[in-house]
Each structure stands twice: as structure tokens, then as C-alpha cells.
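Since the structure comes first, as C-alpha cells, the remarks are kept for the end.
The values are calculated or read from the model by the stated rules, or taken from the named source; none is laboratory data. The structure presented is a predicted model; accordingly, all values stated were derived computationally and were not measured. Note that we place each Cβ from the backbone using ideal geometry, even for glycine, and neighbour counts take in every protein chain shown.
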Amino acid sequence: LSSDRPGRIVMAVDMDYFYAQCEELRNPSFSGKPIVVGMYSGRTDISGAVATANYPARRYGVKSGIPLYRAKSMLKDTESLFVKADFDYYEEVSSRIMGILRSYSKLFVQVSIDEAFLDISGPVGGDYRKAEELAKEVKGRILKETRITCSVGVGPNKLIAKMACDSAKPNGLFVVRPDQVEAFLKDKPLDALYGVGGKTAERMKELGVKTVGELSSLSLYTLQKEFGRKLGEYFYLAARGIDEEPLEEKEREQLGRMLTLKEDTRDISQMMSSISEMARDLTKELASRSMAYRTVTVIVVDTELLHHSRSKSLRTKEVDLEVAIQVSRELLSEFFEQNPAVFARRLGLTLSSLSKWEGQKPISAYFK
Ligand SMILES: [Mg+2]
């Protein structure tokens, strides 16, 4: 069993209750009071679910995913603020934060709107004390420049950094050195391990284990028999804190847009007007950089805030707007056929597998 490369240090950064914190910023009179960011379905002013709540609201039991009317009744005796999620605003705050993070390491991966990993082995020369200093500096800069607090975890790999970050919430910093990994994991509940959800944890409990430490006593054979070859191996290694996956040094090899629909819908032609608009923006931007795409991905965010995506890779690179639109239409039709109960609330379009369009003129350009 190989261990992680010596000196490898990964930092996980996660904004605290991000959407609600963004709302605190522009509603300072509600500072310290409950703020609930909702996804309204639009049928009545209280239909919909909680996207994020700040800590004062959480103290009353409000949490992500519960119906808004329940949150309203939990907070009925407080001076609280309910707002509709404003993703354009959150994305703008996020891009400033990600810009700061990117400046600290070339090995940078953004995981979601408010979460990223940085491999800082190089910048701190494998020194955990320096890593801790750097983490403090990062937290300080984000706070100073955007007034947003975040939690930071530092560890020998993404798995441990992420778990360290989770245990630092909110507004904390937690460092797990390689020699502390075993003790750090020992008493953690099974679902603290990345990739272990409620159902998986139940199956593990049936095997007689309740903690990550106990999980590490199971053999590779047992885990693979129960969970399959790949997942079994993952749990075997993860229970020991081993995660060799590198942070890819990614160029920006995709271009994407998201937007919120005027109303929840399953009507493809209605969605296509939004898709066409995004496709036009994206192909224009690619053209200005002489780039072509090969993969088209449509993203559907449903009324429960779940993200679904469908992709298609083309055989040759493309620059054409009409191709992007046509492929998106096929992907959406297929998705909604397979998911008869899903309504789209937001839509996204991504063009990826980008490459230089080496001086060739797109064929379509000759016909315009
Ligand atoms: Mg967060």
C-alpha cells in the first residue's frame, strides 16, 4: 500500500452558508438576524424550498431543503428576512473569491460556486506550518476583499482537506498533518467520509462498523464483495485517509452559462429560446478566441434544486451555433423523455473539449 507523496499539501476552501451570507452583505440591517434564501416555485409566495439559511435561522431549526412555509412558521416570532435566490449576484461574488484563490496556486480546482481545492505543496515547500500561515492569509484576504467568511481545511490530500474543512465550519481553519490522519478519522461517523451517504452508511453498519476507524478494520475483500470492485477499493483506501487523486492543472477548457427560467417548465420549445440565447453568447465568445468545441452539455436544475446533466461529444470539432443548438435540443428531449416528473427551473449550457480553430474558417462562414 503506497502512501501519499511526501510533502503533498492540499487546501480545501468552502464559503460559509454562502447564498445567505451574500444576502447579509447587501441587507446589513438584518445582520445577526435570521436570513433564509428560498427557491420559490412561484405558485404562492410561500411555495418552494430553503436553499440556504444563515446560522441565526439554523438555530430555529431551519435548514436547506425544508419547505419555505415550515421555515416561515419556525421563524414567525422573529424579525427575519426571506429572499429569493439571486444566482447572478452569487456568481458575481463567487468569481471574485475564485479569482483570489486562483492567485495562490496554479493547481486549482473549483468544485462548486463556493468551494475549491488548491494544491499548495509547491508554494509552501511541503511545510505544514507555512501551509497554516498561508491558509490564514487566504481567509483574511477573502474577508477583506469580499467580506465573506469561509472555512479552510488543510491536509495531505483532497479527502482529508475536505473533511478538515467540514470540521472547521463556520469560519474556521483546521489542519491535519499526515501523522494525525489516523487519529482524525478514527471516531468520525461513516457519513463524514466523502462519498458515503445515508444508505451506504446503513449497509456498512450491517457489516458491524459504526466509525471510519472501524471501517478500516474491514478487509478489501469484504468491502469489494459488498460494494463492488471500484467503490470497495475506494472505501478501503478512504478509511485509511489515502487519496492519491491529483488536482488537475486545468486550463479553462470549457465555457458555460446558466440562467433561471421565467417559470418552471417541461416545454422544450420554451427552453430552447433560453438555450439558443446562451449558445449564441458562447459561440461568439469562442469565435473571438479562435476556439472550437467538441462537447455540448446541457444542465437542468429541477424544482428540488437537483442538478442533472446530459452531454454529447461530436466526432469533429465545431464552431457552429446551429450545431450547438441542435445537439442541445436532442439532449433536452432525451432527458425529459426519461424523466417524466421533472420540471426545469434553471438551465445551463456548456461547450467543452475546446481547442484552437487553427486558422480555418468555419464552413458556415462562407455562406453568410
Ligand atoms: Mg459552502
TODO: Go through (1) on the phi < 0 side of the Ramachandran plot; (2) assigned to a loop (DSSP other than H, G, I, E, B) and name the single condition residue 305 misses.
DONE: (1)
- [ ] Go through the residues of the range 19-35 one by one and say whether even a single one is surrounded by fewer than 24 Cβ atoms within 10 Å (Cβ to Cβ), part of a strand (DSSP E or B) and at pLDDT 95 or above.
- [x] no
Open item on the list: Please list, ordered by residue number, the helices (runs of 4 or more DSSP H) wholly in the range 203-297 having 1 or more residues that are modelled with pLDDT under 90 and polar (S, T, N, Q).
Closed with: 268-288
Task: Filtered residues of the range 174-200 (kept if of a type in the set (Gly, Ala, Ser) and assigned to a loop (DSSP other than H, G, I, E, B)) - done: 195, 197
Open item on the list: Name the residue that is modelled with the highest pLDDT, counting only residues in the range 36-54 that are assigned to a loop (DSSP other than H, G, I, E, B) and crowded, with 16+ Cβ neighbours inside 10 Å.
Closed with: 54
- [ ] Scan the range 109-119 residue by residue and report those that are surrounded by fewer than 21 Cβ atoms within 10 Å (Cβ to Cβ) and either in a loop (DSSP other than H, G, I, E, B) or away from the ligand (no atom under 11 Å from the Cβ) (or both).
- [x] 109, 110, 113
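Condition check ((1) more than 15 Å from the chain's Cα centre (by Cα); (2) touching a residue at least 24 places away in the same chain (Cβ under 8 Å); (3) more than 28 Å from residue 51 (Cβ to Cβ)) across all residues:
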{"site": "98", "(1), (2), (3)": "no, no, no"}
{"site": "102", "(1), (2), (3)": "yes, no, no"}
{"site": "112", "(1), (2), (3)": "no, no, no"}
{"site": "115", "(1), (2), (3)": "no, yes, no"}
{"site": "118", "(1), (2), (3)": "no, yes, no"}
{"site": "138", "(1), (2), (3)": "yes, yes, no"}
{"site": "149", "(1), (2), (3)": "yes, yes, no"}
Open item on the list: Out of 192, 168, 201, I need the residue that is of a type outside the set (Lys, Arg) and buried (at least 19 other Cβ atoms within 10 Å of the Cβ). Which one?
Closed with: 168
TODO: Pairs only if they're at least six apart or on different chains, beta carbon under 8 angstrom, first in the range 310-335 and more than 17 Å from residue 291 (Cβ to Cβ) and at pLDDT 90 or above, second small (Gly, Ala, Ser) and not in a helix (DSSP H, G or I); list them, first residue then second.
DONE: 331/311
TODO: Of the numbered conditions (1) outside any strand (DSSP E or B); (2) within 16 Å of the ligand (Cβ to nearest atom), residue 122 fails exactly one; give the number of that condition.
DONE: (2)
Task: Counted residues, the range 298-343 - those being surrounded by 15 or more Cβ atoms within 10 Å (Cβ to Cβ) and within 17 Å of residue 279 (Cα to Cα) - done: 18
Open item on the list: If residue 154 satisfies all but one of (1) assigned to a helix (DSSP H, G or I); (2) more than 16 Å from the ligand (Cβ to nearest atom); (3) aliphatic (A, V, I, L, M), what's the number of the condition it fails?
Closed with: (1)
